[in-house]
Amino acid sequence: MDQFTINLLFVGASFALYIGIAVWARAGSTSEFYAAGRGVNPVVNGMATAADWMSAASFISMAGLIAFVGYDNSSFLMGWTGGYVLLALLLAPYLRKFGKYTVSEFIGDRFYSPTARLVAVICLIVASVTYVIGQMTGVGVAFGRFLEVSNTTGLLIGAVVVFAYAVFGGMKGVTYTQVAQYCVLIMAYTIPAVFISLQLTGNPIPGLGLFGDHTASGEPLLQKLDQIVRELGFSEYTAHNGDTFNMVLFTLSLMIGTAGLPHVIMRFFTVPKVSDARWSAGWSLVFIALLYLTAPAVGAMARLNITEQFWPNGTDGAAVSVETIESDPAYAWMGTWQKTGLLGWEDKNGDGMIQYYNDADAAMQEKAAANGWTGNELTKFDRDILVLANPEIANLPSWVIGLVAAGGLAAALSTAAGLLLAISSAVSHDLLKGQLTPNMSEKNELMSARIAMAVAIAVATYLGLNPPGFAAQTVALAFGLAAASIFPALMMGIFSKRVNNVGAVAGMLVGLIATLIYIFLHKGWFFIPDTNSFTDANPLLGTVKSTSFGAIGAILNFATAIVVSKMTAAPPKHIQELVESVRVPRGAGAAVEGH
């Protein structure tokens, strides 16, 4: 059986499972559509949250970014994991106790203002749509490779699949679909990692293999990798080469962005009790850790495998020949990925070899001149393909490659569904039902939620065709937006009785607008290519990249809200009492039922 057929079997079987679950758990009421009837077990919710969380950015893109940068990109791991600690301790239990369906509803009621709720909806939609772009990018990469079509065609197919099960299932269908998707994606991520760790280090636990010895050379694996990349003119893999201030800001943006992401917070509205919300966050961390503790090993081992494939005779020997790439089965993955447009190479000097090295490094330029090389001949290696190509690069069995195909799609689709649900509930429940047409029937509210979701899929698909970065980088922009706009409003809503409606609205607007402008200046206005004035290599403010500005946006939000609140009237007494009742554990066992 050929690889394409095996891929189809794995992907087809997993899709049949997801759509079957969505039909079985189809939402019949707004309570089931928005909060799964508030009857989800904390362990089940933790697993669903982990799948919701571990998106295309985590599964497909993160290890690729770590592989090609090394230690500096461990900030993705630190920020995303640390954010869950914040969420578990500072937000999840209190928001569940408040007893609403959506983040915007909480902000509207806490700040006693339809305007605050409207601004929260806008912030939520901006952050979520940006996040969905990253997911759709990942969907396009995965479908493109495993259906052996172009990236664009893969993206369009993925959009149709997301529409099929997210629009009809609602939160109830999405919850149980995400449990299945978690099982698929965690097996798809860890099984290849175990195989590769055994190949390279003899240790079946990738996280331990990373710090073990490289079997072929007898050297520590990371020392061997450092040596090879250094000899090719790249930065040392385990060294800190970037700017520390930007790295701290970036990690902080990811942390507080995590704690402010609406599609993750919504998951904590689905459990029966307040204590269950805290347990859900704890279980989420356990399930997430299984992937995140494996990701650094996947990145490092893949980088070593790729480099050794291009330099099979060592860095002082001859590079791989074009003939070998075209005829050796061990290099078949290159031809397959070339079809997607995400991998490219060119024999620039016509010597029949493909030299992969850092042609911007002064020492390598001298070596290249002496050897007659005319530049790095690996002309394109999209970071988003690394995890999906990893089993092929390592020559693993066909069924492992098929499993990874299903896992990559599960990761992208699970998060896309959660985000689209957050967008649709913001439009139908908070904007239409909450503000414009309060007398809307439940049936019409459900219909408007589904229409909003369909529109969001169309917008995300269009923007996914020209994303502002790799999947994980695009997602990092969304985290910055959530960090700058939603997180401060939630924190002040729970822990400050003095911040009022005017302050909250002003803070959200300042945080959102400042962060959006900074992102657009670096990534192009509305992500339209070539409309940017700066780049992340040469940012506007010192060393602060667009992906790191969210932390500064959050500081601006907090400062604006506090100053404006002090200059205006204090919140009404009943609001101050409400804040007190939400924060104090008294009666926490019985959360207020949403309406």
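The values are calculated or read from the model by the stated rules, or taken from the named source; none is laboratory data. Please read all numbers here as calculations on a predicted model, not as lab measurements. Ideal geometry is used to build each Cβ from the backbone, glycine not excepted, and the neighbour counts take in all protein chains shown. Calculation scope for accessible area: heavy atoms of the full protein, side chains included, ligands and nucleic acids excluded. Shrake-Rupley method; radii C 1.70, N 1.55, O 1.52, S 1.80 Å.
Which is at pLDDT below 75 and within 24 Å of Leu291 (Cα to Cα), of Val179, Val174, Val139, Val132?
Unique residue meeting the criteria: Val174.
Cβ-Cβ under 7 Å, sequence separation 6+ or interchain: first residue in the stretch 567-581 and in contact (Cβ under 8 Å) with a residue 60 or more places away in the chain, partner in a helix (DSSP H, G or I) and open to solvent by 50 Å² or more (accessible area, probe 1.4 Å). Which pairs?
Pairs that qualify, where the first residue is in contact (Cβ under 8 Å) with a residue 60 or more places away in the chain and the partner is in a helix (DSSP H, G or I) and open to solvent by 50 Å² or more (accessible area, probe 1.4 Å), are Thr568/Val502.
Mind checking which residues of the stretch 354-377 are among the hydrophobic types (A, V, I, L, M, F, W, C) and either in contact with a helix residue (DSSP H, G or I) (Cβ under 6 Å, 6 or more places away or on another chain) or surrounded by fewer than 14 Cβ atoms within 10 Å (Cβ to Cβ) (or both)?
Passing the criteria: Ala360, Ala362, Ala363, Ala369, Ala370.
Residue by residue through the stretch 13-42, note down the ones that are over 28 Å from Ser441 (Cα atoms), open to solvent by less than 20 Å² (accessible area, probe 1.4 Å) and at pLDDT below 80.
Tyr18
Can you pull out the residues in the stretch 96-123 that are buried (at least 24 other Cβ atoms within 10 Å of the Cβ) and of a type in the set (A, V, I, L, M, F, W, C)?
Across the stretch 96-123, the qualifying residues are Val103, Phe106, Ile107, Phe111, Ala116, Val119, Ala120, Val121, Cys123.
Within 18 Å of the chain's Cα centre (by Cα), among the small types (Gly, Ala, Ser) and in a helix (DSSP H, G or I): does that describe Gly144?
Details: within 18 Å of the chain's Cα centre (by Cα): no; among the small types (Gly, Ala, Ser): yes; in a helix (DSSP H, G or I): yes.
Against the criterion (within 18 Å of the chain's Cα centre (by Cα), among the small types (Gly, Ala, Ser) and in a helix (DSSP H, G or I)), Gly144 does not qualify.
Condition test on Ala426, is it of a type in the set (A, V, I, L, M, F, W, C), more than 15 Å from the chain's Cα centre (by Cα) and open to solvent by less than 10 Å² (accessible area, probe 1.4 Å)?
It is true that Ala426 is of a type in the set (A, V, I, L, M, F, W, C), more than 15 Å from the chain's Cα centre (by Cα) and open to solvent by less than 10 Å² (accessible area, probe 1.4 Å).
Against the condition part of a loop (DSSP other than H, G, I, E, B) and open to solvent by less than 30 Å² (accessible area, probe 1.4 Å), how does Val271 come out, does it pass?
yes
Determine, yes or no, whether Thr324 is more than 27 Å from Val298 (Cβ to Cβ), of a type in the set (Val, Ile, Thr), over 35 Å from the mean Cα position of the chain (by Cα) and surrounded by fewer than 20 Cβ atoms within 10 Å (Cβ to Cβ). Walk me through it before giving the result.
Numbers: more than 27 Å from Val298 (Cβ to Cβ): no; of a type in the set (Val, Ile, Thr): yes; over 35 Å from the mean Cα position of the chain (by Cα): yes; surrounded by fewer than 20 Cβ atoms within 10 Å (Cβ to Cβ): yes.
When the stated conditions are applied, Thr324 does not pass them.
Given the options Phe4, Phe68, Phe10, name the one that is open to solvent by 10 Å² or more (accessible area, probe 1.4 Å), of a type in the set (A, V, I, L, M, F, W, C), at pLDDT 75 or above and touching a strand residue (DSSP E or B) at 6+ places or on another chain (Cβ under 8 Å).
From the options Phe4, Phe68, Phe10, the qualifying one is Phe68.
Residue by residue, here is whether (1) without any contact (Cβ under 8 Å) to a residue 40 or more places away in the chain; (2) over 25 Å from Val174 (Cα atoms); (3) β-branched (Val, Ile, Thr) holds:
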{"position": "Leu386", "(1), (2), (3)": "no, yes, no"}
{"position": "Leu396", "(1), (2), (3)": "no, yes, no"}
{"position": "Leu403", "(1), (2), (3)": "no, no, no"}
{"position": "Thr415", "(1), (2), (3)": "no, no, yes"}
{"position": "Ser425", "(1), (2), (3)": "no, no, no"}
{"position": "Leu432", "(1), (2), (3)": "yes, no, no"}
{"position": "Leu436", "(1), (2), (3)": "yes, yes, no"}
{"position": "Ala452", "(1), (2), (3)": "yes, no, no"}
{"position": "Gly480", "(1), (2), (3)": "no, yes, no"}
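Right, Ala277: part of a helix (DSSP H, G or I), touching a residue at least 60 places away in the same chain (Cβ under 8 Å) and either of a type in the set (Gly, Ala, Ser) or under 30 Å from Ala360 (Cα atoms) (or both) or not?
Answer is yes for this residue.
With Val544, Val502, Val510, Val475 as the choices, which residue is buried (at least 16 other Cβ atoms within 10 Å of the Cβ) and assigned to a loop (DSSP other than H, G, I, E, B)?
Only one candidate passes the filter, namely Val544.
Restrict the check to the stretch 426-448 and report whether at least one residue is closer than 29 Å to Val184 by Cα and assigned to a helix (DSSP H, G or I).
No, the stretch 426-448 contains no residue that is closer than 29 Å to Val184 by Cα and assigned to a helix (DSSP H, G or I).
Quick test of your reading of the structure: Glu236 fulfils all but one of (1) charged (D, E, K, R); (2) in contact with a Lys or Arg (Cβ under 7 Å, 6 or more places away or on another chain); (3) open to solvent by less than 50 Å² (accessible area, probe 1.4 Å). Name the failing condition by number.
Here Glu236 meets the rest and fails (3).
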